[in-house]
Amino acid sequence: MEKKKYCPVCKKCSGCQLSNMDYERQLKFKQNEVRIRFNRLCKVQKILGAKSPLNYRNKAQFVFKKIKGKVQSGIYQSADKTVVITDSCALHTKEQNAVARTLCDLFLKFRITPYDLHKGTGLVKNVIVRQSFHTGELMVVIVCDYNGIFPKEKDFAKALREKHKNITSIILTRHKGRTLNAGENPKVIFGNAHITDRICNLDFVISYNSFFQINPMQTEVLYSKAVELANLTEADVVLDAYSGTGTIGMICSPHCKEVYSVELNPNAVKDARENKRINSIENVNLVCADSEDYIKTLREENAVINVALLDPPRAGCSRSFLNSLCRLAPQRIVYVSCNMDTQVRDVRFLIKNGYKLDVVQGVDMFPFTKHTECIVLLTKLCN
Ligand code: SAH
């Protein structure tokens, strides 16, 4: 792939760190990233690459700037706090980019000023456009400054919808600080409060601020692999730790007896409850707690856990969590991570404490970026 054809601003924008490599080379680079960390411990499987490495993001964040009387959209560069102007990011979907272009026109027409992060003036801080790849539905979240008043919101929503019929949700939020996020105090000015996507034959709701894997095609690859490695039987009881909105646990649920999903963020657990309801799942127990505390409770109750699925944040698992996990002694541990440095640290600990590393599998969830997701399978050695 020619650099220029794929994106005219890839050199300026910090979003794609591997923009100078074609996709085959990116996969080789990532395979090597996995190998560097794991090849002394186990044979490394061939990385699972993406069938379509572009236009994969189900969530796009735009910032806006007024330049020479026109409003233009761009991508915020957190490192140097600047904006790279582009209306055609190749990682976003075409529809997301088209919505951003319409927003530029409408902001001008409705005299809505983009927020200037340096000066602290203006109304719209950023806009998040989320898309369901299954239904095509779009959600537009317009994040406004805390004190600003959004003019003629119903007319604005109507004008936006007229151009993009698959927008099913338009939400205004507010945010105080000079940082970019999804904002607070959501007000739905058109449609529903959430959109729904489908992964591995289950439906998942996505609210304006939910955590949801950003590449739905590769999420299906990742979760299917994790479930395959867990090699579940009808008798298995599964612990799904760091469960977010309950995705992995629910995908496991038809293949096992029971799942205990534990997640710290109450909003994610709320979405998980809704996901459980819409999929009519009965054998998943959703627990809102710190995994570290919860696993201690399981241990004290002498709970029998056959399989543990772990998907922690970048910091990995705490030593205390891993100690309790070893005492709980599941036969299989499937550990999914977006940070192989902490993952390999935790894997080494588990190897020292009675486990064998059987499978190491990279998955490319984020083509054109330097990030690599990795799944490992550990099995308990007989005492
Ligand atoms: N498995 C989910 C989410 C993974 S992201 C998915 O694939 O969609 C990691 C999750 O761990 C986040 O939802 C975060 O809120 C949660 N988390 C972070 N620290 C935690 C802790 N100490 N105990 C429980 N959950 C935690």
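Among the conditions (1) at pLDDT 95 or above; (2) surrounded by 16 or more Cβ atoms within 10 Å (Cβ to Cβ); (3) hydrophobic (A, V, I, L, M, F, W, C), L108 misses just one, which is (2). Entry remark, the stretch 16-48: residues being in a helix (DSSP H, G or I) and either of a type in the set (A, V, I, L, M) or under 19 Å from C338 (Cβ atoms) (or both) number 12 in total. Quick one: is F211 touching a helix residue (DSSP H, G or I) at 6+ places or on another chain (Cβ under 7 Å) and of a type outside the set (S, T, Y)? Taking the combined requirement at face value, the residue satisfies it.
Starting from the stretch 231-250, keep only residues that are buried (at least 24 other Cβ atoms within 10 Å of the Cβ), then list their pairs with residues that are among the hydroxyl-bearing types (S, T, Y) and in a loop (DSSP other than H, G, I, E, B) whose Cβ atoms are within a distance under 7 Å, requiring at least 6 positions of separation or different chains. Taking only residues 6 or more apart or on different chains, the pairs are T245/S210; G249/S243. Please tell me if N209 is surrounded by fewer than 16 Cβ atoms within 10 Å (Cβ to Cβ), within 16 Å of the ligand (Cβ to nearest atom) and either under 19 Å from the mean Cα position of the chain (by Cα) or under 26 Å from V336 (Cα atoms) (or both). Considered against the rule, which asks whether it is surrounded by fewer than 16 Cβ atoms within 10 Å (Cβ to Cβ), within 16 Å of the ligand (Cβ to nearest atom) and either under 19 Å from the mean Cα position of the chain (by Cα) or under 26 Å from V336 (Cα atoms) (or both), N209 comes out as no. Of all residues in the stretch 273-299, how many are within 27 Å of R319 (Cβ to Cβ), assigned to a helix (DSSP H, G or I), within 15 Å of the ligand (Cβ to nearest atom) and not polar (S, T, N, Q)? Count: 6.
Would you confirm whether or not the stretch 148-156 contains a residue that is within 30 Å of D80 (Cβ to Cβ) and either touching a His at 6+ places or on another chain (Cβ under 8 Å) or in contact (Cβ under 8 Å) with a residue 60 or more places away in the chain (or both)? There is no residue in the stretch 148-156 that is within 30 Å of D80 (Cβ to Cβ) and either touching a His at 6+ places or on another chain (Cβ under 8 Å) or in contact (Cβ under 8 Å) with a residue 60 or more places away in the chain (or both). When you scan the stretch 126-143, do you find a residue that is in contact with a Phe, Trp or Tyr (Cβ under 9 Å, 6 or more places away or on another chain) and more than 20 Å from F212 (Cβ to Cβ), even just one? No, the conditions are met nowhere in the stretch 126-143.
Residues of the stretch 77-90 that are surrounded by fewer than 20 Cβ atoms within 10 Å (Cβ to Cβ) and in a loop (DSSP other than H, G, I, E, B): S78, A79, D80, K81, D87, S88.
Residues in the stretch 165-206 that are under 17 Å from N58 (Cα atoms), away from the ligand (no atom under 16 Å from the Cβ) and surrounded by fewer than 16 Cβ atoms within 10 Å (Cβ to Cβ) were compared, and the one that is nearest to the chain's Cα centre (by Cα) is A193. The residues in the stretch 49-76 that are surrounded by fewer than 20 Cβ atoms within 10 Å (Cβ to Cβ) and not in a strand (DSSP E or B) can be counted, and the count is 7.
The values are calculated or read from the model by the stated rules, or taken from the named source; none is laboratory data. Given the structure is predicted, the values throughout are model-derived calculations rather than measurements. Here the Cβ is made from the backbone with ideal geometry for all residues, glycine too, and neighbour counts use every protein chain on show.
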